[in-house]
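Written out below as structure tokens is the structure these notes cover.
The values are calculated or read from the model by the stated rules, or taken from the named source; none is laboratory data. Note that the structure is predicted; figures quoted are calculated from it, not measured. Cβ coordinates were reconstructed from backbone atoms using ideal geometry, including for glycine residues, and neighbour counts include every protein chain displayed. What goes into the accessible areas is simple: the full protein's heavy atoms, side chains included, and nothing from ligands, DNA or RNA. Shrake-Rupley method; radii C 1.70, N 1.55, O 1.52, S 1.80 Å.
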Amino acid sequence: MTAFAPDSPLVDEVRPAANHDERGAEPDILLLHYTGMETAEGAVARLCEEASKVSCHYVVLEDGRVLQLVPEGLRAWHAGVSSWEGETGVNARSIGVEIVNPGHEFGYRDFPLPQVDAIIALARDICARWRILPERVLAHSDVAPQRKEDPGEKFPWDRLAAAGVGHWVAPTPIDDGGGLAEGEEGDPVEQLQTLLSLYGYGLEIDGRFGPVTAAVVRAFQRHFRPARVDGVADFSTCDTLRNLLAARPER
Ligand SMILES: [Zn+2]
């Protein structure tokens, strides 16, 4: 692709990516990722090259600079196999932002302040222009919990929420009173699966706490109860989920 005019006044530089196509839908999800590579340069190069078969709309560097790789009106290739609120094909309906961080594989670290400020400003701008609902500002791990863990438990969703980005409630404090774990079956598991599914997570409601349910619980914890990501649906996890659902505006 040749150079294009940036969609946001917050863009510092346009770096056209090779991979994109027609959307077929208006974006109504803002999907946040980390790059998960050792260097920012390596990540940007990969997101721009055709051979990688991936791309995204924006990259936010650790110093807060914002690059745009694909125009918002086109589909970028960042979500992969994914689902939210029963819909697959998240790429068609989302804007993808890659946040530079080595990730769990290469030395996961805190997101620096200038980077977080830049993400907040960019997210506010995108959500305002496309009228994206707060509860549809999501992590890659939310829409692909079995495959992905980005942007991860260090991502400051609380700070974004305080700035009006995303849907979030203060997590219920952890008490060590057990909880539902992988291998269990029955009505309480079915209730947990129902609540997770109501919020948007893709999982079967079958009353069996298998690996998929555990992955979804971990994804939920990374986003909403990051103090402990263990896949165990303890009281804190379940209560935070109930509070989130209660606080979600009626549609
Ligand atoms: Zn990702």
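Overview of values
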{"item": "Positions within the stretch 2-53 being among the aliphatic types (A, V, I, L, M) and either under 22 Å from K154 (Cα atoms) or in contact with a Lys or Arg (Cβ under 7 Å, 6 or more places away or on another chain) (or both), in sequence order", "result": "A25, I29, L30, L31, L32, M37, A40, A43, V44"}
{"item": "Residue in the stretch 203-224 that is open to solvent by 10 Å² or more (accessible area, probe 1.4 Å) and at pLDDT below 95 present", "result": "no"}
{"item": "Single unsatisfied condition, V189 versus (1) within 18 Å of the chain's Cα centre (by Cα); (2) open to solvent by less than 40 Å² (accessible area, probe 1.4 Å)", "result": "(1)"}
{"item": "Hey, H57 under 19 Å from the mean Cα position of the chain (by Cα), farther than 20 Å from P156 by Cβ and not basic (K, R) or not", "result": "yes"}
